[in-house]
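The values are calculated or read from the model by the stated rules, or taken from the named source; none is laboratory data. All values reported here derive from a predicted model rather than from experimental measurement. Virtual Cβ from ideal backbone geometry, glycine too; neighbours counted across all protein chains shown.
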Amino acid sequence: MTVKNEYWNFFSCSVLNSYSQIFFSKKKIFAVLILIATFLNPELGFWGFLGVVFTNLTAYGLGFNKHTIKEGLYGLNSLLVVLGLSVFFKLNLTFIFVFITINIFTLILSVGFSNLMAKNGLPFLAFPFVIGIWVTFYVMNSYTNLEVDEGSVYFLNDIFKIGGLTLIELYEAYDNIPIPDIIKGYFKSLSAIIFQFNWIAGLLISIGLLVASRISFSLSIIGYLTGYLYYVVVGENVQNLQYGYIGFNFILFAIAIGAFYFIPKRKMHLAVIVLTPVLGLLITGLSGFLSIFGLPVFALPFMIMTTLIIYIMNFTSKKELFPETLYQTYSPEKNLYNYYNYFERFGSNKYLMKIGLPFFGKWKVWQGPNGKHTHKGDWKNAWDFVIEDKEQKPYKSDGISLDDYYCYGAPVVAPADGTVVNIVDGIQDNDPGEVNMAQNWGNSIVIKHADFLFSQVSHLKQDSFKVKIGDFLKKGEHIASLGNSGRSPQPHLHFQLQSTPYVGSKTLEYPLSYYIDYKDTGEEFLSFKYPEEEESISDVKINKLLNKAFKLTPGMVFKVSSSNNNFKDSEWEVHTDAYNLTYITCSNSDSYAYFVNDGTVLYFTTFEGNKNSLLYYFYLSSFKIFLGDYKSLNIQDSFPIHSVFKGTIKYIQDMIAPYYQFCKANYKSHLMEVNNENDTFLIHSSLNKKIAGKNAGKIDFQIYGNALSLNKITVKTEIDSFEIQIKHLTNF
């Protein structure tokens, strides 16, 4: 992309986002429809557009945050202020002077509020707009040359200015279409957000809202109807919902709380309904108070309520009931699907540190959490491991000697990267059947992996330690040998996780990241689970060939082509962003796919861009690749709904997504062939779509690779098949 194109993309996005951000969106088509709606009053539309451009250019020239400019958050507030300015005042030299001045003032407020509120983790919303428009209302009493345009308050006067009686008759024909007042009231409340008072502008906005987000659209209706019902119940004049800039408070509040700042689960819809009367109370109270000063309430009630709800949720112990949106996609549907997909893929864990097993090979859980002997109370979350033979005996011969036990003297390894913080050594091993109650834990090592996360291994062999306090360890590094010291009647390895660095600390409930579980039905790969008593488990044996082929390092470039002429040749390049997250970009489709390779599994987290691209098919085929050397294992996962489904069925799913999800997309993969002589491998994977439990399409993939890289993917759909050729252009 040329520098000129980059600037054009930056400023076009900043302008369009300034419109769509009114409804917490960045959909371009939505922005265009709002822009068109403002031009139903051409004077209003022109000055609003000019205000956005002026503000964004000024912010850019002054060196303010480019990301915030592009997001449209500065332009949004200026847009609303200028719309209010142009609807209430006549165009003259004073108007132009005030236009420039108020834009600069609003920009100053926006920069100040954005940084001030961010320090407390809060959005600055449209507070700069409210302050800016209030200031404008006050200066009109002093600026005698700033004339009030009473005609603009009445939409028919604006229509007459544009097209005379003919246009008025046309508008009245549309206005007289038999639409229930409550529906017209909804449209007029939407139009009031952009300082218009006609249902046609509101209709355009509602269409844009529906296209941008089905969840936001439904919540806008729920918010308005709940506010309408509140007004009826308390005896308020429902006409105030359309006029006086009041009704849109209910709409914006419903979208903000129910769909944007919180994950739009069904409970958030209920929360919107319950909180709307509180918002109504605030609207009535603030309207009465501000009328003393001759000021309209505008969007102030919505902003106060939204900010308070976000703030007080920091103090609840039940955040899982109303989960906040941590990664904002500006699409309530994507936020919801990503949220559910995350929990389906990774469980409810929030564990950033992956803790593995402290040994190599296959061991048995002799005693698990809440065990039969010693794992009780504050020390219930621990494991004891032994090695058994095929006859499920932990020793050979008669088990009289320590050397008879299979695990005695076995290497103990670091379960994850960390630093040695505590060591107990010098305690002799017990003979089988004896225990040392005075030195309960025996020889032990405590490793710090993260703040408030430590691991402890105990019953180690005296003088077998390979490490000392202060040593930094890598996962899998040999740290000692297993013995039989402490309260240990037979050789076994005690392993626990804890939040403090002391030997014998209270245990911490924390899952083990990856391990193989040997069940009667075959081997199973488990992640973030808790091994149970009597289970036989092992660490994961990594296939070196797979590990190298899928080691996608930032800077790598691949030349990609296809046997299907519908796809253009392109280049993929691996990047890392400011947060050290890795992703692949496609040169000709403006697409990218984020992924994680933790040494055991490569899995994709996000795809954005063109779904008719080769990168998209790579995302589908390699959604989760297990790097272990196990042909018998089937790896399963699930796709986010929005990344697979499209069209009418997705629109229907979006509408009811907070309540029920009938679309499913499952993924499977397994290692089919490994040829160590030729250094080649073959992985089969598949995508299976289901709608209401019935099959709705399948894609099969064959992934071929060698010691250097991936080299081919075959794609077979129900109507077509083709190959993707991959050539590695870089060497590391």
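Data for the structure
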| read-out | value |
| --- | --- |
| Where residue 713 falls short, out of the listed (1) under 23 Å from residue 333 (Cα atoms); (2) of a type outside the set (D, E, K, R); (3) touching a helix residue (DSSP H, G or I) at 6+ places or on another chain (Cβ under 8 Å) | (1) |
| Lone unmet requirement of (1) in contact (Cβ under 8 Å) with a residue 12 or more places away in the chain; (2) outside any strand (DSSP E or B); (3) among the aromatic types (Phe, Trp, Tyr) for residue 558 | (2) |
| Residues of segment 183-203 satisfying the condition of being crowded, with 22+ Cβ neighbours inside 10 Å and within 23 Å of residue 133 (Cβ to Cβ) | 188, 189, 190, 191, 192, 193, 194, 195, 196, 198, 201, 202 |
| Identity of the residue in segment 368-394, within 20 Å of residue 409 (Cα to Cα) and within 38 Å of the chain's Cα centre (by Cα), that ends up surrounded by the most Cβ atoms within 10 Å (Cβ to Cβ) | 383 |
| Enumerated strands (runs of 3 or more DSSP E) restricted to segment 499-539, each holding at least 2 residues that are over 24 Å from residue 442 (Cβ atoms), modelled with pLDDT under 95 and within 33 Å of the chain's Cα centre (by Cα) | 512-519, 522-529 |
| Scope segment 579-598; condition more than 15 Å from the chain's Cα centre (by Cα) and of a type in the set (Gly, Ala, Ser); matching residues | 587, 589, 591 |
| Residue that is surrounded by the fewest Cβ atoms within 10 Å (Cβ to Cβ) [pool: residues in segment 315-329 that are of a type outside the set (D, E, K, R) and within 12 Å of residue 261 (Cβ to Cβ)] | 326 |
| Hey, residue 666 surrounded by fewer than 22 Cβ atoms within 10 Å (Cβ to Cβ) and part of a loop (DSSP other than H, G, I, E, B) or not | no |
| Boolean, residue 589 is modelled with pLDDT under 95, crowded, with 17+ Cβ neighbours inside 10 Å and not charged (D, E, K, R) | yes |
| Test: residue in segment 430-440 that is among the aliphatic types (A, V, I, L, M) and at pLDDT 95 or above | no |
| Test for residue 386: is it among the β-branched types (Val, Ile, Thr) and farther than 30 Å from residue 598 by Cβ | no |
| So residue 355, is it under 21 Å from residue 510 (Cα atoms) and aliphatic (A, V, I, L, M) | yes |
| Test result for residue 682, in a loop (DSSP other than H, G, I, E, B) and not charged (D, E, K, R) | no |
| Residues of segment 560-574 classified as at pLDDT 95 or above and exposed (fewer than 14 other Cβ atoms within 10 Å of the Cβ), total | 0 |
| Condition met for residue 131 (part of a helix (DSSP H, G or I), within 20 Å of residue 290 (Cβ to Cβ) and among the hydrophobic types (A, V, I, L, M, F, W, C)) | yes |
| Every residue from segment 519-555 that is in contact (Cβ under 8 Å) with a residue 60 or more places away in the chain and exposed (fewer than 14 other Cβ atoms within 10 Å of the Cβ) | 522, 532, 534, 541, 553, 555 |
| Options 311, 339, 327; residue that is without any contact (Cβ under 8 Å) to a residue 60 or more places away in the chain and more than 30 Å from residue 238 (Cβ to Cβ) | 327 |
| Subset of segment 643-662 that is part of a loop (DSSP other than H, G, I, E, B) and in contact (Cβ under 8 Å) with a residue 60 or more places away in the chain - its residue that is nearest to residue 672 (Cα to Cα) | 661 |
| Hits in segment 587-601 - residues which are farther than 17 Å from residue 539 by Cα and among the aliphatic types (A, V, I, L, M) | 593, 596 |
| Failed condition for residue 236, given (1) surrounded by 17 or more Cβ atoms within 10 Å (Cβ to Cβ); (2) assigned to a helix (DSSP H, G or I) | (2) |
| Residue, surrounded by the fewest Cβ atoms within 10 Å (Cβ to Cβ), within segment 607-642, restricted to residues that are out of contact with any Ser or Thr (no Cβ under 6 Å at 6 or more places or on another chain) and without any contact (Cβ under 8 Å) to a residue 40 or more places away in the chain | 636 |
| Selection count where residues are of a type in the set (S, T, N, Q) and either touching a Cys at 6+ places or on another chain (Cβ under 8 Å) or assigned to a loop (DSSP other than H, G, I, E, B) (or both), scope segment 430-452 | 4 |
| Test: residue in segment 716-723 that is surrounded by 14 or more Cβ atoms within 10 Å (Cβ to Cβ), in contact with a Ser or Thr (Cβ under 7 Å, 6 or more places away or on another chain) and not aromatic (Phe, Trp, Tyr) | yes |
| Search result, residues across segment 269-295 that are in a loop (DSSP other than H, G, I, E, B), surrounded by fewer than 17 Cβ atoms within 10 Å (Cβ to Cβ) and either among the aliphatic types (A, V, I, L, M) or touching a helix residue (DSSP H, G or I) at 6+ places or on another chain (Cβ under 8 Å) (or both) | 292, 294 |
